[in-house]
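Here's the structure, in structure tokens; my notes come after.
Every read-out reported here was derived from the displayed coordinates using simple, explicitly stated rules and does not represent laboratory data. For clarity, every value in this text was computed on a predicted model and none was experimentally measured. Virtual Cβ from ideal backbone geometry, glycine too; neighbours counted across all protein chains shown.
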Amino acid sequence: MKLENILEIFLKKAFLKALALQSEAAKKYDAKKSVWVPDPEDGFIAADIKSNKGDQYIVYTAKGNEVRFDLLGLNRSVLSNWI
């Protein structure tokens, strides 16, 4: 494989990565809807609140998963680690 071909492939990948980062950065941030939720693999991940009824929330994570949780139950589990 020629050096020009390797360089062309590298530049295409770099350009596509830059476009992906740019589109991620262009997403609207809404402080009232953006939250962090516990994740077993990553600790916490970003999510957007889609609906809630009292302390029951449905959020969509950055990984594309729908997560349902009870805010009061979540707080109890977090607090039990500190008490």
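Can you give the net charge of the other residues whose Cβ lies under 15 Å from the Cβ of ASP39, counting K and R as +1 and D and E as -1?
Numbers: positive: LYS63, ARG68; negative: GLU41, ASP42, ASP48, GLU66.
Result for the neighbourhood of ASP39: -2.
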Margin query: List the residues, sorted by chain then number, that are 5 or more residues from GLN56 or on another chain and whose placed amide H is less than 5 Å from its amide H.
Written below: LEU71
Check: Using modelled backbone amide H atoms (1.01 Å from N, in-plane), which distant-in-sequence or interchain residues come within less than 5 Å of ILE45's amide H?
Finding: VAL37, ASP39
Checklist line | Those trypsin sites (Lys or Arg not before Pro) in the range 1-65 that DSSP places in a loop and that have at most 16 other beta carbons within 10 Å | finding: LYS2, LYS27, LYS28, LYS32, LYS33, LYS63
Next item on the list: Determine the relative contact order of the range 1-60: mean sequence separation of Cα pairs under 8 Å and six or more apart, normalised by residue count, in whole percent.
Entry: 17 percent
Check: How large is ³J(HN,Hα), in whole Hz, for each residue of the range 12-21 in order, when computed from phi with the Karplus curve 6.51 cos²θ - 1.76 cosθ + 1.60 and θ = phi - 60°, using x for Gly and Pro?
Finding: 4, 5, 5, 5, 5, 5, 5, 5, 5, 5
